[in-house]
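Below: one structure, written as structure tokens.
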Amino acid sequence: MAYVINQDTCVGCGTCEGECPVSAISANGDKYAIDASACIDCGSCAGVCPTEAISAE
């Protein structure tokens, strides 16, 4: 099950992008998004998100 970023809560800080070991996170305008097909469900991104915008789908 892939992680997702809540676009309403995401502040676009980019902290999560650097934490992803498989580069599944990328900028999507002024926010970030996770490629579900590349996500390995490790949760590293969720652990560093300052707004808790990332959760398991």
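The values are calculated or read from the model by the stated rules, or taken from the named source; none is laboratory data. All values derive from a computational prediction rather than experimental measurement. Heads up: the accessible areas ignore ligands, DNA and RNA and are worked out on the full protein's heavy atoms, side chains in. Shrake-Rupley method; radii C 1.70, N 1.55, O 1.52, S 1.80 Å.
On a C-alpha basis, how far is the centre of the stretch 20-35 from the centre of the stretch 1-19 in Å? Whole number, if you could?
7 Å
How large are Rg and Dmax for the chain when calculated on the C-alpha trace, in angstrom?
Cα only, the chain: 9.6, 25 Å (Rg, Dmax).
Within the chain, what whole-number % of the accessible surface is contributed by carbon and sulfur, with the 1.4 Å probe and all protein chains included in the calculation?
Carbon and sulfur atoms account for 45 percent of the accessible area of the chain.
In Å², what does the accessible area per residue of the chain work out to with a 1.4 Å probe?
Ligands and nucleic acids excluded, the result is 59 Å² per residue.
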